Structures are given as C-alpha cells and as structure tokens.
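**Q** The structure that follows is given in the form of structure tokens.
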Amino acid sequence: MAIDGVSKWLGMRWEAADRVRLTIRPELINAAGLLSGPVGYALVDYCMGSTLWKETTEAEGIATIGISINYVASATEGDVICTTKLERRNRSNGVLTSEVRHEDGRLLANAIGSFAIFERGNRSRVRIPAPEEP
C-alpha cells in the first residue's frame, strides 16, 4: 500500500513499518541499464520514516534531516527490499540504519539517517540552517 503519489509511482509495498519492497521495472532503470540510485535512496527514506513514525505519538511529526547512503551493488530485475533499524530516539531526534538487498540476498546499499522529531503544528521548531554567506 502506497502512502503518497511518489511511493505509489515507485511501487513501494510495506511488509511491516521497518520493511519495504519494490519490484524493479523499466521506468526505474537508469541510462547505464541499472537500478537508478534515487530509487534506492527513496526506498531508504520512506522505510526510515515509517520505522520512526511507528515510534511517535499523535502529537509528534518527523522530518528527514539527512541520509548518507553507500551503494555497494546494483540490480536490473526482481525485487529489492529495504529493512530499517531504529538505533536511537530521543525527544527531538531519531537515528536509523538501513540495508537494501536484492531478493537473492545480495547487499545493494546501506545507509544511516537522522530525523527531526517535533510537535505537530509547530514546524517552526524544525530549522535547517542557511549556508553562511561568503
């Protein structure tokens, strides 16, 4: 079940809050003939978000601060599965790790991400600093 237009177009399917599956199709293949990197990144971002979302209250919202992803291998067909683990959560932040594997078990990517946790309706507390002027 998709949660928005992007996850629907990509074809993401949630098996659990911390496990998301996607079937590779021609539209997701890049010019080199491999699964496009942004597809893996999106899979990680959505899986991390749903994993953390499960650990929030109705009064809390979340937003991605940053994700660092390492691409180890790629694929051209079949399913890819992202699994995520919540490593640490406090009142204002969550840190998560993910692995993206092909259905045959090969590791395609690993990632670490941080998310802001804030009071819903008070998004002014979520601030991304502007770059310093030269």
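Let's see how each residue does on (1) at pLDDT 95 or above; (2) at negative phi; (3) more than 13 Å from the chain's Cα centre (by Cα):
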| residue | (1), (2), (3) |
| --- | --- |
| LEU35 | yes, yes, yes |
| PRO38 | yes, yes, no |
| ASP45 | yes, yes, no |
| SER50 | yes, yes, no |
| GLY105 | yes, no, yes |
| ALA116 | yes, yes, yes |
| ILE128 | no, yes, yes |
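Yes or no, residue by residue, for (1) in contact with a Leu (Cβ under 9 Å, 6 or more places away or on another chain); (2) in contact (Cβ under 8 Å) with a residue 60 or more places away in the chain:
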position	(1), (2)
ASN30	no, no
LEU34	no, no
ALA42	yes, no
TYR46	yes, no
LEU52	yes, yes
GLU55	yes, no
ALA63	no, yes
SER74	yes, no
CYS82	yes, yes
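**Q** Against the condition out of contact with any Lys or Arg (no Cβ under 7 Å at 6 or more places or on another chain), surrounded by fewer than 16 Cβ atoms within 10 Å (Cβ to Cβ) and aliphatic (A, V, I, L, M), how does VAL100 come out, does it pass?
**A** no
**Q** Another question about this same structure. When region 1-58 is examined, which residues are found to be in a loop (DSSP other than H, G, I, E, B) and charged (D, E, K, R)?
**A** Keep residues of region 1-58 that are in a loop (DSSP other than H, G, I, E, B), which gives 1-4, 11-12, 17-18, 24-25, 30-34, 36, 54-58.
Matches in region 1-58: ASP4, ASP18, ARG25, LYS54, GLU55, GLU58.
The values are calculated or read from the model by the stated rules, or taken from the named source; none is laboratory data. Source: prediction; values computed, not measured. Virtual Cβ from ideal backbone geometry, glycine too; neighbours counted across all protein chains shown.
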